[in-house]
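For reference, the structure discussed in these notes is given below.
Every number in this text was worked out from the coordinates using simple rules, so none of it is lab data. Since the structure is predicted, the reported quantities are computational estimates derived from the model, not experimental observations. Using ideal geometry, Cβ is built from the backbone for each residue, glycine included, and neighbour counts are taken over all protein chains shown.
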Amino acid sequence: MSNTIIQVQNVSKSYWRDSFEIPVLNDISIDVHEGEFLGLMGPSGSGKTTLLNLIAGIDRPSKGNVLVAGTDITKLNESALAKWRSHNIGFVFQFYNLLPVLTAFENVELPLLLTSLSKTERKKHVEFALGVVSLSDRIHHYPKQLSGGQEQRVAIARAIVTDPTILVADEPTGDLDKRSAEEIMNLLERLNIEFKKTIVMVTHDPRAVEKAKVVHHLDKGELS
Amino acid sequence: MRIFKLIFKNALRHKLRTLLTIIGMAIAVMAFCVLRTVVDMYYAGLDATAANRLIARQAVSFIFPLPYSYRDQIAKVPGVQTVSFANWFGGTYKEKKNFFARMGVDAETIFDVYPECLVDPKEYEQFKRERNSCIVGSEIAKQYGFKVGDIIPIDGDIYPGKWEFVVRGIYKPRDKVTDATQMFFHWSYIDERMKQDMPGRAGQVGWYIIKIKDPSQAATISEQIDAMFKNSSNATKTETERAFTQNFISGFNSLLTAMNFVAFIIIGIIMLVLGNTMIMSARERTREYAVFKTLGFSGGHLFGLILGESIFISALGAGSGLLVTYPIVSGIAAILPKGFFPYFFITPLTLILAATAALVVGLAASIFPIQRALRTRIVDGLRFIG
């Protein structure tokens, strides 16, 4: 068995809407091993995206701890957490979230602006990442000039360009047609197998989750 | 790709909106500069005053004359270097609209007390020799095409009758604030005719211009001069040239204050225009800012992005405004009668104020968007539907 890279320890999360406390996750504990492809499934409102956000360090639990590669990220302040995310996490969103004013190249280059890499080195990294997602020929295209599947591939290139340890994907095929969804899932599988990326993916697409090695089901904030 | 490129691309994302904002700012900056220039030019007379010049006028009002005989008495006051005098002539050159200052002066001393009016020594000697000659400023010479040897006909009003003056010299201003729109001629030429036609008005001058040796003695010398004529029928009020000019301008104070106020209100308006643009832009980009944060960009980066965009737009607006202001101010200067505004130009202070205002507007307009971008939690931002 490989090393545990993510440890979610007794995590609970509630949101406040006006004066009402809405529990979303209730005492969840999960271990994710290095190189694992974990699928999180569940109906809408089950708390799967919230759990993903906690693992990615873009939200904080109400109770419990989240340890990633030995770092308890719940203890980091905002700026340390931002820095940690830029080094360790690649995020793939359902709606791609590319910047419309930037080309595919520039969108992928964005996370590298936070590094000390030179322009030439950045160019090399971006071209490699776009090559991995088979979009070397669309490098200077703007998002509006790409199909949904291509946009998602650019988003994946952006997620991997800094060579993060973990990829988190929130419904990566949720906005795509069947064929494009399949291409994206094949790409994520390749990243997991060939590039040894640990992937945590939220989906309620049964076909998508087939690529995951481990699947957890969430319902009403609890693992089932 | 650099952050600056991103700022540039963001600023031009909604080209029409950005263009309208830039045009709005440009018009506002232009209006601000023109208003400030008008106000500045009213006060510019103060810049042209000299510390070593006193003006003695009739104590009741500037419009009442003083006896010519005061001249020698004033000259005896310790500290006085030169005493000169002038007399407002009025009159019309061809048409009423051709307004410029026409003054009967003491030909022997006038350029001694006004060294900033530079005149060729030969022309000056010729002027002194001819009783009906005059010297005109280079600005009006240029405007009306006056040349040495020309005769300038004036229809008198304060001093009735037809008058003719031969141009014997053209003076040039020493600097930008020196008035080059005046016409000087011999006071004695007027006085001679007054002696013949209106003896009661002979021997009178408008005001005395007193050059003193030590500017720090201005108050003492003024008091001494006024004390000499205190109990006469023509008491004097002597003050520094600056104080005299200030009193003269004070009649327009309310108007100038209102213009100044409007100029700064305009700055407030452009702040709202740019603020509105920035708030709309930042609101539309709520999700993008959340993505930036997710990728590891800090609050400082977002601060720089939004502030940079705001300042970029305000700088473009201010720059365009200033570019159009110069030809507009030149155009206004060309159509204004020279006598009303002897000089009309944008002062460095106005430029600095406009540039500072643009910077402040850029900063202020970005405050709310920055606050919003920083306060919005990533998870809320990612869920935002604009």
Helix axis angle, A:178-193 relative to chain A longest principal axis, alpha carbon, degrees: 80 degrees
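Regarding chain B, what is the average projected area of its C-alpha convex hull, in nm²? If you can, show how the numbers build up before the last one.
Details: hull surface 100.5 nm².
Averaged projected hull area, Cα only: 25.1 nm².
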Taking A:I193, B:I267 and counting other C-beta atoms within 10 Å, the order from fewest to most: A:I193, B:I267
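How large is the helix-only mean residue ellipticity at 222 nm for chain A, computed as the sum of -39500 (n - 2.57) over DSSP H runs with n ≥ 4, divided by its residue count, in deg cm²/dmol to the nearest 500?
Details: 7 runs with 73 residues, N = 224.
Mean residue ellipticity at 222 nm (helix-derived): -9500 deg cm²/dmol.
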Anchor B:K97: lysines whose Cα lies under 19 Å away (excluding residues fewer than 8 positions away in-chain): B:K142, B:K162, B:K338
In degrees, nearest ten, helix A:148-160 long axis to first principal axis of chain A (Cα): 80 degrees
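B:A227 to B:L363: FRET efficiency via 1/(1 + (r/R0)^6), r the Cβ-Cβ distance, R0 56 Å, to the nearest 0.05?
Details: r = 56 Å, r/R0 = 1.01.
According to the calculation, E is roughly 0.50.
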Rounded to 5, the percent of DSSP beta bridges in the stretch B:106-241 classed as antiparallel: 70 percent
Theoretical FRET efficiency, 1/(1+(r/R0)^6), r = Cβ-Cβ of B:T49 and B:N98, R0 30 Å, to 0.05: 0.65
Label-reachable residues, the stretch B:291-310, where backbone N falls under 15 Å from a point 7 Å from B:D380's Cα toward its Cβ: B:291
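Say R0 is 35 Å: what FRET efficiency, to the nearest 0.05, do B:S61 and B:I269 get from their beta-carbon distance? Display every interim value, and only then the final one.
Numbers: r = 42 Å, r/R0 = 1.19.
With R0 = 35 Å, the Cβ-Cβ based efficiency is 0.25.
Indicate the helices, whole DSSP H runs only, in chain B that combine a mean Kyte-Doolittle hydropathy of 0.0 or more with a Cα extent along their long axis of 18 angstrom or more. Please report the intermediate quantities before stating the final value.
Details: long enough: B:15-47 (46 Å, 1.28); B:253-284 (47 Å, 1.47); B:299-335 (53 Å, 1.47); B:348-375 (40 Å, 1.49).
Helices meeting the criterion: B:15-47, B:253-284, B:299-335, B:348-375.
Specify whether the C-alpha gyration tensor of the stretch B:60-234 places it in the rounded, prolate or oblate class, a ≥ b ≥ c being the square roots of the eigenvalues: rounded for a/c under 1.5, otherwise prolate if a/b is larger than b/c and oblate if not. Let's see the in-between values first.
Values: a/c = 1.99, a/b = 1.34, b/c = 1.49.
The shape class here is oblate.
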